[in-house]
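Okay, so here's the structure we're looking at.
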Amino acid sequence: MNKEYKPLLIFICLVFGFLNTAGISMFREDSLTLMPGIKGVGLFILLMAIFAVVFYIAAQWILKGFSHMTCQKEMQEENFFERHLFAVSFCVILLMWLPWIITYYPASMDWDVYRQLSSYLGIWAPSNHDPWLSSCVLGICYRIGVKLGSENLGIFIFVVLRDILMALIYAKCVVMLKKAGMKRIIYVGVLLFYAVTPVWGAYAKHAFKDTFCTALFVWYIMNTITLIYYGKEGGLKNRHWILYGVSALILSLFRNNCIYVAAPATLLVILFLIAKRQKIYYSIGIIAILSVYFMFNSYIVNYCGVIPASSKEALAIPFQQTARTVKFHGNEITDEERDTIDRILDYDSMAQNYDPLISDPIKDNWKGDATSEDLKNYFVVWAKMFLKYPVTYVEAAMGQSYGYYAFTPRFPYGAGNYNSGMTIFDWIEVDAFKEYYSFHYIEAMASGRKILNDWANLWDKIPILNLTNTIPLYTWGILLMGFFLLRKGKIAELIPVAALLIMICTCIASPVNGCFRYYAPVAASVPALFLLFGRSDRKM
């Protein structure tokens, strides 16, 4: 290894050691250390060192693997499968998803799906809490089904159209990997990853917004990598920057947190285009396309009466830190601090409602009439309490997020209000909406649904295979990809890696610890990052 970068790898290993040790401690004891006192600190340091060494050894092998992902320049002999790779991949993916889609007809549905439908139909006030465009697409499909005589059919139309688009995106990723010169085992493995891994089939039958966002993010990453490749090679065409801009826009319109990825990544792309002396209208065009996101949201709020998303969604960690402090140090909090907190959140219910894994019980008691001055005063108190209780604050932040970066045992079923870990979401009815809708499964398919759920649970217990459900494996793998590219001097190629790391940060700041539903766009996009290791003479 280049000695210049060895200290950086050692630093990454130490960070891993700290975060993994702290995560395990939080999982087992809800504390940064596994036991109190100096013994706990000593054990923490010992485990941190052990994990750092193990990670360093594993990193050496993984980094070597990145160098051997492509085949030799001689063309491999192509069979029927490879000559028709796109069509075959598309069909295989849909075929493997089909059992989930059919047995769960019309779709599995949770609170979010009902909320989107009710917002669009006027049962609830229209809201951008769930992206309004996403709600409109879902609602339009629903209305088509109702006109054809079936609520179930409307949701099924949405699921089928969405899944076809998703399968096309994943099939395109497989084809691009082959064109990039990847070894056959790589792109065939990616095909099986999308087709066979239970989570993608399980999400294909669910009507929530996260499923489509997952595929859109993969599409965005592929377009980012394509733009960078042709920008460096001097073959950048109009279609490349247009596809980049359009994919960034659609991604952002279908998932609110994605703009926090697309905006900074687009800034990096613009700087790349300027550095490569590309035509200025490429950059202007990308900015113009992405600006439609802000114009659209402004229009629906100011002229269509859509309620904007609440800022409380971005305050999960600060709220959790306050709640944990109230729970464990409530008798030390002054009346003035209590009153300031109570103007934003319901102080009296905090200690009882605090759940380390999920912030919903706290943030759902956000007081909608709080002013910006109240919020400013709250953060003054929040900062003062951080200085008093720094360990409590760190524990609250890690208790809400360690599932995204620490290798801990699987969360128990139902953790985080059924959101922490790998949740298949097999329900269709929500009691709060029964008077408005009559969605139902086909009872004759009940045994099929059970078989698929058992299959998903079995997959999660099989060594090697269950690594596809292991969130921190993706996180640290992506970080090592970035390190590998940096060591090779491929600075521009770090842009898509940065996009995935930013998406991981939005997961860490999200309301739920270790939620694969939130993390799915990252996991599904890792195969697209393999394009960064393709041969220099490739075509995409």
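Values as computed for the structure displayed
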| read-out | value |
| --- | --- |
| Scan of the stretch 410-429 for residues that are open to solvent by 50 Å² or more (accessible area, probe 1.4 Å) and aromatic (Phe, Trp, Tyr), ordered by number | 413, 418, 427 |
| Residue 419 vs. criteria more than 22 Å from residue 529 (Cα to Cα), touching a Cys at 6+ places or on another chain (Cβ under 8 Å) and modelled with pLDDT under 95 | yes |
| Qualifying residue in the stretch 504-511 (condition: open to solvent by less than 20 Å² (accessible area, probe 1.4 Å) and either under 21 Å from residue 190 (Cα atoms) or in a helix (DSSP H, G or I) (or both)) | yes |
| Scope the stretch 459-479; condition within 16 Å of residue 424 (Cα to Cα) and open to solvent by less than 60 Å² (accessible area, probe 1.4 Å); matching residues | 459, 460, 466, 468, 469, 470, 471 |
| Among the candidates 92, 41, 54, residue that is open to solvent by 80 Å² or more (accessible area, probe 1.4 Å), in a helix (DSSP H, G or I) and not aromatic (Phe, Trp, Tyr) | 54 |
| Lone qualifier among 281, 347 - being of a type outside the set (Val, Ile, Thr) and under 30 Å from residue 245 (Cα atoms) | 281 |
| Pair list, Cβ < 7 Å and 6+ apart or interchain, from the stretch 484-499 residues that are over 15 Å from residue 227 (Cβ atoms) to residues that are modelled with pLDDT of 95 or more and not in a helix (DSSP H, G or I) | 485/493 |
| Per-region count, the stretch 362-409, residues crowded, with 22+ Cβ neighbours inside 10 Å and assigned to a loop (DSSP other than H, G, I, E, B) | 4 |
| Residue in the stretch 445-485 that is nearest to the chain's Cα centre (by Cα), counting only those that are among the aromatic types (Phe, Trp, Tyr) and closer than 29 Å to residue 496 by Cβ | 474 |
| Qualifying residue in the stretch 103-122 (condition: closer than 25 Å to residue 451 by Cβ, modelled with pLDDT of 95 or more and open to solvent by 10 Å² or more (accessible area, probe 1.4 Å)) | yes |
| Filter pass, residue 432 being modelled with pLDDT under 95, among the aliphatic types (A, V, I, L, M) and loosely packed, with under 13 Cβ neighbours inside 10 Å | yes |
| From the options 438, 447, residue that is within 21 Å of residue 205 (Cβ to Cβ), out of contact with any Phe, Trp or Tyr (no Cβ under 7 Å at 6 or more places or on another chain) and not in a helix (DSSP H, G or I) | 438 |
| Single residue of the stretch 252-279 satisfying the filter (within 23 Å of residue 212 (Cα to Cα) and of a type in the set (Phe, Trp, Tyr)) that is most open to solvent (accessible area, probe 1.4 Å) | 260 |
| Positions within the stretch 340-349 being among the acidic types (Asp, Glu) and either part of a loop (DSSP other than H, G, I, E, B) or at pLDDT 95 or above (or both), in sequence order | 346 |
| Residues within the stretch 302-334 that are part of a loop (DSSP other than H, G, I, E, B), within 16 Å of residue 375 (Cβ to Cβ) and open to solvent by less than 40 Å² (accessible area, probe 1.4 Å), tallied | 1 |
| Criterion: of a type in the set (Ser, Thr, Tyr) and open to solvent by 40 Å² or more (accessible area, probe 1.4 Å) - qualifying residue of 347, 293, 299, 282 | 299 |
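Residues checked against (1) touching a Ser or Thr at 6+ places or on another chain (Cβ under 9 Å); (2) in a loop (DSSP other than H, G, I, E, B); (3) not polar (S, T, N, Q):
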position	(1), (2), (3)
199	yes, no, yes
211	no, no, no
217	yes, no, yes
220	yes, no, yes
223	yes, no, no
226	no, no, no
229	no, no, yes
239	no, no, yes
245	yes, no, yes
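The values are calculated or read from the model by the stated rules, or taken from the named source; none is laboratory data. Predicted model, so just to flag it, every value in this text is computed and none were measured. Methodologically, a virtual Cβ is constructed for each residue, glycine included, from the backbone with ideal geometry; neighbour enumeration extends over all protein chains shown. With ligands, DNA and RNA removed, areas are computed over all heavy atoms of the protein, side chains included. Shrake-Rupley method; radii C 1.70, N 1.55, O 1.52, S 1.80 Å.
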